[in-house]
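Working notes, structure below.
The values are calculated or read from the model by the stated rules, or taken from the named source; none is laboratory data. A quick note: this is a predicted structure, and the numbers were derived from the prediction, not measured. Methodologically, a virtual Cβ is constructed for each residue, glycine included, from the backbone with ideal geometry; neighbour enumeration extends over all protein chains shown.
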Amino acid sequence: MELLIPVISLPVVLALSLIIIRVGTMALMLTGLSRESARFQSHSAFTGVGFTTSEAESITQHPVRRHIVMALMIAGNVGIATSISFLMLFLLGARESEYQGIASSLIVLFASLGCLWLLASSRWVENKLNRFITLAITNFSHLEIKDYVSLLELAKGFSVTELNIEPGDWVAGKTLASLGLAREGILVLGIKRNNGDYVGAPAGNSHIHPYDTIVAYGPLKRLQELATRRADEAGDAAHKLAAQAYDEYLANLKRVDPDV
């Protein structure tokens, strides 16, 4: 009886650990990582092995992946400590048990571990489990799993930012069409009105009023310059220079990709 609890509990803890690793793998895959990278990072986080790779850097720069990996690390510490505890209980109990009891307990233990290994290596079980885990994550999780950092290339000089419009700013009191921000490589994704209204994907005839807040996407340096641009001749000149710089940027891209 003394050996029964650790003999039963140890395979159960290992099975739960494998399921947690599989959940972490699927969650990381849903954020855009490949199957192999997600599996490697999930195992690394759960076991506490820190590998410095480009995938690891992409995890630290992604808020959702950081939460997933942090949960795996916590679960891994608990799981490993629990497994060691049950193993110690088994060894201590074996010292006080008869030979026949130890032999039967070892047979049950290795049989359980063998069944667990067969289930873990089964492609059919893996496919069914992955499908269930994916449905559970997408239907019951509140995580925003899309990798918008990668989708928008935010790590390559582009950014999404909010610009608070003040009276006298270059964009204040004008329509998007008249501003011609697209010529600078800047896209206005939305306008937050001073009264709380929000205009998503605004059209060219949308006005930008003082005290509005615009959500813009484009080169970070250009957005920083636009935030300080004033409605004067210097502001108009800055717009022309920005448009020329963007034309040169597109010309360089066309040398590599003629379809740009």
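Restricting to segment 1-58, count the residues that are outside any helix (DSSP H, G or I) and either at pLDDT 80 or above or in contact with a Gly (Cβ under 7 Å, 6 or more places away or on another chain) (or both). So the answer is 3. For segment 122-161, a residue qualifies if it is under 18 Å from H62 (Cβ atoms), at pLDDT 65 or above and basic (K, R), and exactly one does: K156.
Within the set S178, S159, the sole residue that is touching a residue at least 24 places away in the same chain (Cβ under 8 Å) and either surrounded by fewer than 14 Cβ atoms within 10 Å (Cβ to Cβ) or within 30 Å of the chain's Cα centre (by Cα) (or both) turns out to be S159.
Here is the figure for segment 187-210: residues that are surrounded by fewer than 11 Cβ atoms within 10 Å (Cβ to Cβ) and part of a loop (DSSP other than H, G, I, E, B) total 6. Could you grab me the full set of residues in segment 211-260 that are in a helix (DSSP H, G or I) and among the acidic types (D, E)? Those that are in a helix (DSSP H, G or I) and among the acidic types (D, E): E225, E233, D236, D247, E248. Residue pairs whose Cβ atoms lie under 6 Å apart, separated by 6 or more positions or on different chains, with the first residue in segment 232-249 and assigned by TED's automatic domain parsing to the domain that holds A182 and the second among the hydrophobic types (A, V, I, L, M, F, W, C) and surrounded by 12 or more Cβ atoms within 10 Å (Cβ to Cβ), are G235/W170.
Taking every residue in segment 116-143 that is within 23 Å of T31 (Cα to Cα) and pairing it with any residue that is at pLDDT below 75 and not in a helix (DSSP H, G or I), at least 6 positions away or on another chain, the pairs with Cβ-Cβ distances below 8 Å are I137/L143; I137/I145; T138/I145. When segment 211-226 is limited to residues that are loosely packed, with under 15 Cβ neighbours inside 10 Å and in contact (Cβ under 8 Å) with a residue 60 or more places away in the chain, the one that is nearest to G157 (Cα to Cα) turns out to be L220.
Residues that are of a type in the set (V, I, T) and either more than 30 Å from Q41 (Cβ to Cβ) or at pLDDT 75 or above (or both) are absent from segment 75-90.
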